[in-house]
Amino acid sequence: MRVIAAITIIFLPATTTATFFSTSFFDFNVGPHERVYSWWLWLYWLVTIALTAIVLLGAVYWWRRKEEEMATRIRKGKAPQ
(Lines give C-alpha, C1' and ligand atoms only; values in the text may rest on other atoms or scores of the structure.)
Protein backbone atom coordinates (compact mmCIF):
# COMPACT_ATOMS: atom_id res chain seq x y z
CA MET A 1 0.00 0.00 0.00
CA ARG A 2 2.88 2.36 0.73
CA VAL A 3 4.34 1.76 -2.72
CA ILE A 4 1.09 2.84 -4.37
CA ALA A 5 0.94 5.89 -2.12
CA ALA A 6 4.56 6.78 -2.92
CA ILE A 7 3.98 6.49 -6.67
CA THR A 8 0.88 8.66 -6.37
CA ILE A 9 2.77 11.26 -4.33
CA ILE A 10 5.45 11.48 -7.02
CA PHE A 11 3.19 11.70 -10.09
CA LEU A 12 0.08 13.52 -8.82
CA PRO A 13 1.60 17.03 -8.60
CA ALA A 14 2.83 16.84 -12.21
CA THR A 15 -0.55 15.61 -13.42
CA THR A 16 -2.36 18.34 -11.52
CA THR A 17 -0.02 21.01 -12.86
CA ALA A 18 -0.39 19.78 -16.45
CA THR A 19 -4.16 19.82 -16.11
CA PHE A 20 -4.12 23.30 -14.62
CA PHE A 21 -2.02 24.71 -17.44
CA SER A 22 -3.96 22.64 -20.05
CA THR A 23 -0.62 21.68 -21.63
CA SER A 24 -0.68 24.59 -24.06
CA PHE A 25 3.09 24.80 -24.01
CA PHE A 26 3.60 23.30 -27.47
CA ASP A 27 2.58 24.51 -30.93
CA PHE A 28 3.38 22.08 -33.72
CA ASN A 29 2.02 24.35 -36.48
CA VAL A 30 5.05 26.62 -36.66
CA GLY A 31 7.63 27.27 -39.34
CA PRO A 32 10.86 25.28 -39.64
CA HIS A 33 12.95 27.83 -37.70
CA GLU A 34 10.44 28.74 -34.98
CA ARG A 35 10.16 27.36 -31.46
CA VAL A 36 7.74 24.50 -30.93
CA TYR A 37 7.58 25.09 -27.19
CA SER A 38 6.25 28.12 -25.35
CA TRP A 39 8.48 30.50 -23.41
CA TRP A 40 6.37 29.69 -20.31
CA LEU A 41 7.41 26.01 -20.24
CA TRP A 42 9.83 26.77 -17.37
CA LEU A 43 6.85 27.73 -15.20
CA TYR A 44 5.36 24.25 -15.56
CA TRP A 45 8.60 22.64 -14.35
CA LEU A 46 8.99 25.11 -11.50
CA VAL A 47 5.47 24.53 -10.18
CA THR A 48 5.69 20.76 -10.69
CA ILE A 49 9.01 20.39 -8.88
CA ALA A 50 7.91 22.67 -6.05
CA LEU A 51 4.61 20.80 -5.54
CA THR A 52 6.33 17.41 -5.73
CA ALA A 53 8.91 18.47 -3.14
CA ILE A 54 6.23 19.83 -0.80
CA VAL A 55 4.12 16.67 -1.09
CA LEU A 56 7.13 14.35 -0.67
CA LEU A 57 8.46 16.22 2.37
CA GLY A 58 4.99 16.30 3.91
CA ALA A 59 4.50 12.57 3.36
CA VAL A 60 7.91 11.68 4.80
CA TYR A 61 7.24 13.88 7.84
CA TRP A 62 3.79 12.35 8.36
CA TRP A 63 5.04 8.75 7.95
CA ARG A 64 7.91 9.29 10.40
CA ARG A 65 5.60 10.94 12.92
CA LYS A 66 3.18 7.99 12.70
CA GLU A 67 6.02 5.48 13.11
CA GLU A 68 7.29 7.31 16.20
CA GLU A 69 3.76 7.41 17.60
CA MET A 70 3.36 3.66 17.06
CA ALA A 71 6.76 2.95 18.61
CA THR A 72 5.80 5.01 21.67
CA ARG A 73 2.52 3.10 22.04
CA ILE A 74 4.33 -0.23 21.75
CA ARG A 75 6.89 0.83 24.41
CA LYS A 76 4.02 1.78 26.74
CA GLY A 77 2.36 -1.59 26.17
CA LYS A 78 -0.61 -0.35 24.19
CA ALA A 79 -1.59 -2.07 20.97
CA PRO A 80 -1.24 0.00 17.79
CA GLN A 81 -4.48 1.05 16.12
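What pairs come out if I take residues in region 44-57 that are without any contact (Cβ under 8 Å) to a residue 60 or more places away in the chain and closer than 13 Å to residue 6 by Cα and pair them with residues that are among the acidic types (Asp, Glu) and part of a helix (DSSP H, G or I) whose C-beta lies under 8 Å away, six or more apart or interchain?
none
Go through 48, 8, 17 for me and flag whichever is in contact with a Leu (Cβ under 8 Å, 6 or more places away or on another chain) and surrounded by 11 or more Cβ atoms within 10 Å (Cβ to Cβ). Please lay out each step first, then the result.
Working: 48 fails: in contact with a Leu (Cβ under 8 Å, 6 or more places away or on another chain); 8 fails: in contact with a Leu (Cβ under 8 Å, 6 or more places away or on another chain).
From the options 48, 8, 17, the qualifying one is 17.
Of the residues 51, 43, 57, 12, which single one is at pLDDT 80 or above and in contact with a Ser or Thr (Cβ under 8 Å, 6 or more places away or on another chain)?
Details: 43 fails: in contact with a Ser or Thr (Cβ under 8 Å, 6 or more places away or on another chain); 57 fails: in contact with a Ser or Thr (Cβ under 8 Å, 6 or more places away or on another chain); 12 fails: in contact with a Ser or Thr (Cβ under 8 Å, 6 or more places away or on another chain).
Selected residue: 51, the only one of 51, 43, 57, 12 that is at pLDDT 80 or above and in contact with a Ser or Thr (Cβ under 8 Å, 6 or more places away or on another chain).
Looking at 53, 59, 71, 6, which one is among the small types (Gly, Ala, Ser) and more than 23 Å from the chain's Cα centre (by Cα)? Lay out the reasoning, then the answer.
On the way: 53 fails: more than 23 Å from the chain's Cα centre (by Cα); 59 fails: more than 23 Å from the chain's Cα centre (by Cα); 6 fails: more than 23 Å from the chain's Cα centre (by Cα).
Unique residue meeting the criteria: 71.
Go through region 1-22 and give me each residue that's more than 21 Å from residue 38 (Cα to Cα) and aromatic (Phe, Trp, Tyr).
The initial filter retains those residues of region 1-22 that are more than 21 Å from residue 38 (Cα to Cα), namely 1-12.
Residue satisfying the conditions is 11 alone.
Taking region 9-46 as the search range and keeping residues that are outside any loop (DSSP other than H, G, I, E, B) and not hydrophobic (A, V, I, L, M, F, W, C), which one is nearest to the chain's Cα centre (by Cα)?
Just the residues of region 9-46 that are outside any loop (DSSP other than H, G, I, E, B), to begin with: 9-21, 26, 37, 41-46.
Among the residues that remain, those that are also not hydrophobic (A, V, I, L, M, F, W, C) are: 13, 15-17, 19, 37, 44.
Numbers: 13: 4, 15: 9, 16: 9, 17: 10, 19: 14, 37: 23, 44: 13 Å.
That would be 13.
Count, please, the residues in region 60-81 that happen to be touching a helix residue (DSSP H, G or I) at 6+ places or on another chain (Cβ under 9 Å) and at pLDDT 80 or above.
1
The values are calculated or read from the model by the stated rules, or taken from the named source; none is laboratory data. On a predicted model such as this, the values are computed, not experimentally measured, just so you know. Note: ideal-geometry Cβ built from the backbone for every residue, glycine included; neighbour counts use all protein chains shown.
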